[in-house]
Amino acid sequence: MNTIQRKKPAVAALLSLVLPGAGQMYNGQIGIGLLCMILTIGLYFTIVLGLILHIFVINDAYKYAKKLNKQMEQAEEEARRKEEERRRKKEEASKKELDGYLQSFSLPLLIQKIHDDTPESDKAKQTLEKILALTTDQNIKSQIQDALENMVKQKERKKEEQRNKELREQGLVYCDKCKGTVARQELRKEIEDFDDGWQRIEHSYCPKCGNDLTWK
Ligand SMILES: [Zn+2]
């Protein structure tokens, strides 16, 4: 932005009242200020002409300070307008990009794809993330966020199932409390009889921490 300081017209006028041309210098007009100073002081030998020029110089310092401020305001306004224009264009571009995605892809189809274990699922995920970054639609946002969260959970579940299956084949079970494996024959068994007398469940507990591992 502009680094030039605002000028105070009253200060400029007061300076030129005390010393003709000082207000001009305050306004940044060094040469003109010096000229005003020499001419006004010189003309004061005739008193009247000096006085007239002095009043003119005071008035000029005041008006020029005002003019400078106005120019500064206009420049700032112009900068603001350009910034606003730049922001609007950026917004328009991302909206266009978003519309492009939404036209080329179906949201439910993309969401469905990320749950598949196909090479396309990564692409679908990336597209969903792009849409998520671009959209301002809360409904679309939460749909995508939920889908991505579900996908992560589902992947974790699958991983856990796979791990449990491998352990089962080795006669082991994973205890997520101990963060370790236990041999199946070491599990502490407990039979639970139900009130109706017909059903019973054999519970399996971790021998180290007592964690219920019945369904693992
Ligand atoms: Zn345990």
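Each reported figure results from applying straightforward, stated rules to the coordinates on display, with no laboratory input. What you see is a predicted model; the values in this text were computed from it and never measured. A quick note on method: Cβ atoms are made from the backbone with ideal geometry, for glycine too, and the neighbour counts reach across all protein chains shown.
Tabulated data
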item: Peptides ranked, highest mean first, by Cβ atoms within 10 Å: ranges 22-28, 153-159; result: 22-28, 153-159
item: Relative contact order %, the chain, counting alpha carbon pairs below 8 Å whose residues are six or more apart; result: 11
item: For segment 94-102, Karplus couplings with θ = phi - 60° (6.51, -1.76, 1.60), whole Hz, Gly/Pro x; result: 6, 5, 5, 4, 4, 4, x, 5, 5
item: Label-point separation, Q5 to F56 (7 Å along Cα→Cβ), nm; result: 3.0
item: Protection proxy ranking of 29-40, 199-210 - average other beta-carbon atoms within 10 Å, highest first; result: 29-40, 199-210
item: Computed lengthening from E149 to A75, 0.36 nm per intervening residue step minus Cα-Cα distance; result: 21.8 nm
item: Sites I191 and S104, calculated FRET efficiency, Cβ-Cβ separation with R0 45 Å, nearest 0.05; result: 0.15
item: Using alpha-carbon coordinates, inclination of helix 30-43 to the longest axis of the chain, degrees; result: 20
item: Cut-off under 5 Å, modelled amide H: who pairs with N211 long-range; result: C206
item: Listed residues K123, K179, K82, most fluctuating in the chain (Gaussian network, C-alpha, under 10 Å); result: K179
item: Gaussian network model of the chain, Cα within-10 Å springs - most flexible of L110, L172, L128; result: L172
item: Residue exposure sequence - V182, V18 - by fewest surrounding Cβ within 10 Å; result: V18, V182
item: Label-point gap, in nm, between L132 and A93 - each point 7 angstrom along Cα→Cβ; result: 2.4
item: When the convex hull of its Cα atoms is projected in every direction, mean area for segment 13-137 (nm²); result: 12.4
item: Label point distance in nm, I41-T118, each placed 7 Å from Cα along Cα→Cβ; result: 9.1
item: Within segment 1-124: Cβ-based charge dipole about Cα centre, in debye rounded to nearest 20 (Lys, Arg +1; Asp, Glu -1); result: 780
item: Stokes-Einstein D (µm²/s) once Rh is taken as the Kirkwood radius of the chain over alpha-carbon pairs, at 20 °C in 1.002 mPa s; result: 82
item: Phi-based couplings in Hz for segment 162-169 (Karplus 6.51, -1.76, 1.60; Gly and Pro marked x); result: 4, 5, 4, 5, 4, 5, 4, 5
